[in-house]
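Please read the structure below before turning to the comments.
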Amino acid sequence: MAVDKRLKDYGLNSERVMWPDKGPGVFEQELGNLEQRLMLTTVAKAVAWAQSSSVWPDTFGLACCAIEMMSIVSARYDVARFGAEVFRSSPRQADLLIVSGRVAHKMAAPLRQIYDQMLEPKWVIAMGACASSGGMFNNYTVLQGVDRITPVDIHVPGCPPRPEALVEGIVRLQEKIKAGVPPAYEIRGVAS
Ligand code: SF4
């Protein structure tokens with residue numbers, strides 16, 4: 001069986017070799033802590049982090065769910081904590097479309113136009129049963145789910161979902177963005 005030789009057995013007689021209990025030198029300690037001392041990341045991760053913390057919703061409401069959506073900017077729910085309090089009046093300045101309520105067939109084309117006017121990357125939250133599936137309105141006037149006309153990233157269940165549920169949806173969206181999950185239109189491979 002081979003016996004490991006120590007460096008001093010090869011004639012190396014530096015102080016550190018002769019004193020094995022001395023522990024790592026200052027340089028070695030600094031090297032070991034290097035990753036903790038530096039913020040190591042990639043540009044893609046940094047951009048994803050910035051995007052996830054500055055999601056600006058479009059000012060767009062359709063029905064009763066919109067009342068719940070409006071309240072998330074109030075002091076009680078304070079969606080500003082997540083960087084999403086800036087509701088924009090122009091879709092060109094927004095990157096999140098919260099579909100809050102049932103989508104009548106009459107509204108389908110304007111909704112799609114607003115979505116088309118938003119710059120990429122952009123995300124869609126279907127808020128409530130009606131936006132997700134038509135809800136109780138199983139009839140010829142209401143679109144049976146907004147994902148028939150736009151890709152949807154997050155579905156928030158409920159009728160209406162409480163504001164906390166919508167905030168939860170926004171937080172889940174943030175997690176997806178940070179994790180590098182592409183927007184739904186890329187995953188579905190449909191025209192954005
Ligand atoms: S899910 Fe309920 S609260 Fe929301 S739009 Fe439909 S009926 Fe109204």
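Annotations for the structure displayed:
- Residue in segment 130-140 that is of a type in the set (Phe, Trp, Tyr) and within 16 Å of the ligand (Cβ to nearest atom) present: yes
- The set of residues in segment 152-192 that are closer than 27 Å to Gln113 by Cβ and β-branched (Val, Ile, Thr) comprises Val152, Ile154, Val156, Ile170, Ile177, Val181, Ile187, Val190.
- Count - residues of segment 151-191 that are small (Gly, Ala, Ser) and under 18 Å from the mean Cα position of the chain (by Cα): 5
- Segment 144-177, subset among the hydrophobic types (A, V, I, L, M, F, W, C) and more than 12 Å from the ligand (Cβ to nearest atom), residue surrounded by the fewest Cβ atoms within 10 Å (Cβ to Cβ): Val171
- Of Ile98, Ile72, Ile67, all but one fail to be exposed (fewer than 15 other Cβ atoms within 10 Å of the Cβ) and touching a residue at least 40 places away in the same chain (Cβ under 8 Å); the exception is Ile67.
- Output for segment 77-89, where each listed residue is of a type outside the set (A, V, I, L, M, F, W, C) and without any contact (Cβ under 8 Å) to a residue 12 or more places away in the chain: Asp78, Arg81
- Against the list (1) away from the ligand (no atom under 16 Å from the Cβ); (2) touching a residue at least 24 places away in the same chain (Cβ under 8 Å), the condition Ala109 fails is (2).
- When Glu68 is tested against (1) at pLDDT 90 or above; (2) charged (D, E, K, R); (3) under 21 Å from His155 (Cα atoms); (4) not in a helix (DSSP H, G or I), only condition (4) is not met.
The values are calculated or read from the model by the stated rules, or taken from the named source; none is laboratory data. All figures in this text were calculated on a predicted structure; none of them were measured in a lab. Cβ: placed from backbone, ideal geometry, glycine included. Neighbour counts: every protein chain shown.
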